[in-house]
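The values are calculated or read from the model by the stated rules, or taken from the named source; none is laboratory data. Note that the coordinates shown come from a computational prediction; the quantities given were computed from them, not determined experimentally. When we count neighbours, we look across all protein chains shown, and the Cβ atoms used for this are built from the backbone with ideal geometry, even at glycine. For accessibility, only protein heavy atoms count, side chains too; no ligands or nucleic acids. Shrake-Rupley method; radii C 1.70, N 1.55, O 1.52, S 1.80 Å.
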Amino acid sequence: MALILTALLNYFKFEKTVTNVIASRFVVTVNGLQGDVENAMNLGLSLPELRDLEQLIEREERSDNQILAIEIADPAGTILFSTDKNRIDARLPDDWVRTMSRSDGGIWQESFEGNPVLGATLRNTFGQVAGSVMLRYAKSAITQRTAAVRPGLSIAAAIAIIGCGLVTVVGVWLVFRKIIGGFRDGETYVTAAFAAGGEAASVPKPQGALGDDLVAIVDTLKGAERELKQAAEKA
């Protein structure tokens, strides 16, 4: 069980590492878009007036085939620009809008249709929330890499479990072999001592602390047996 849990923990650690590595690549893209849009707004234009943003996000989307969509929304959560034309004028979920408004400038993460979304809040020259830029990328970018190591990890875990199981069996056998042998010698001694019908001294005594205890018990029982016979004869 410990080996299985160790293998699972290593797998999840690898999956998290792959997720962070892939996400960091798209974080660079989101930060770059965030800077470009904010610089454009600093010229005095409002977000809806920046028509060049459509070409900008389309160019960024074509730069990586793992990018599913890039969108820019206003402070109310309405999508103004999107590489997915069907999403223009759509509303962001309320929790996304709350996350956008509360962000302190860092990258926030959400999920849409099972795929990760990275977002960055846009702010104007007065520090007020002016919208957000969001990038959605394919989850398959993560699953393909983790699936590639899963067979090797499973084989390594199986070999480790089988190997440790064999070592455990051999170790237990070596540890308990002498103990089991002592019990068998004791059983033989007790059986032979009572079958002798006389003194148990003629029977080989078992060795060790257990043997000494068995010898004492047998002597006590033999003494009790003699006393019972003497009492029966007197009666």
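Under a plain spin-label model, where a point goes 7 Å from the Cα along Cα-to-Cβ, how far apart in nm are V172 and A90?
5.7 nm
GNM, the chain, Cα, under 10 Å: largest mean-square fluctuation among D52, D36, D219?
D219
Could you pull out the longest piece of the chain with no exposed loop GluC sites (Glu not before Pro) in it, calling a site exposed if DSSP puts it outside H, G, I, E, B and it has at most 10 other Cβ atoms within 10 Å? Numbers along the way, then the final one.
Details: sites that count: E113, E199.
Formally, the longest exposed-site-free interval is 1-112.
Compute the distance in nm between two label points, each set 7 Å from the Cα along the Cα-to-Cβ direction, one at A76 and one at A2.
Calculated label separation equals 6.2 nm.
Counting residues in the chain as N, plug N into 2.2 N^0.38 Å and put the Cα Rg over that result. It would help to have the intermediate numbers written out before the result.
Values: Rg = 39.4 Å, N = 235, 2.2 N^0.38 = 17.5 Å.
Computed over Cα atoms of the chain, the ratio equals 2.25.
What chymotrypsin sites (Phe, Trp or Tyr not before Pro) does the range 73-182 have in DSSP loop regions with at most 12 other beta carbons within 10 Å?
When the chymotrypsin sites (Phe, Trp or Tyr not before Pro) of the range 73-182 are filtered for loop state and at most 12 Cβ neighbours within 10 Å, F126 remain.
Find the accessible area per residue for the chain; the probe is 1.4 Å, ligands and nucleic acids are left out, and the unit is Å². Walk me through the numbers on the way to the answer.
Details: 14580 Å² over 235 residues.
Ligands and nucleic acids excluded, the result is 62 Å² per residue.
Taking square-rooted eigenvalues a ≥ b ≥ c of the alpha carbon gyration tensor, is the range 56-108 rounded, prolate or oblate, where a/c under 1.5 means rounded and, failing that, a/b exceeding b/c means prolate?
Working: a/c = 2.45, a/b = 1.47, b/c = 1.67.
Oblate is the answer for the range 56-108, as a/c is 1.5 or above yet b/c matches or exceeds a/b.
Can you list the residues of the range 123-144 with backbone N under 20 Å from a point 7 Å past the Cα of E113, pointing along Cα to Cβ?
Flagged as within label range: 133-144.
Per the helix-only calculation at 222 nm, which mean residue ellipticity applies to the chain, given -39500 (n - 2.57) for every DSSP H run of n ≥ 4 and division by its residues, nearest 500 deg cm²/dmol?
On the way: 5 runs with 142 residues, N = 235.
That comes out to -21500 deg cm²/dmol.
If you roll a 1.4 Å probe over the chain with all protein chains in place, what percent of the accessible area is carbon or sulfur? List each step's numbers first, then the result.
Working: 8650 of 14580 Å².
Of all accessible area on the chain, carbon and sulfur atoms account for 59 percent.
Can you give the charge dipole size of the chain about its Cα centre, rounded to the nearest 20 debye, using +1 on the beta carbon of Lys and Arg and -1 on the beta carbon of Asp and Glu? Could the numbers behind the result be given before it?
Details: 24 positive and 28 negative charges, 152 e Å.
It works out to roughly 740 debye.
How far is helix 2-41 tilted off the main Cα axis of the chain, in degrees rounded to 10, range 0 to 90?
Roughly 10 degrees, rounded to the nearest 10.
Could you identify which residue out of I67, I155, I142 has the top mean-square fluctuation in a GNM of the chain using Cα springs shorter than 10 Å?
Result for the chain, Cα springs under 10 Å: I155 fluctuates most.
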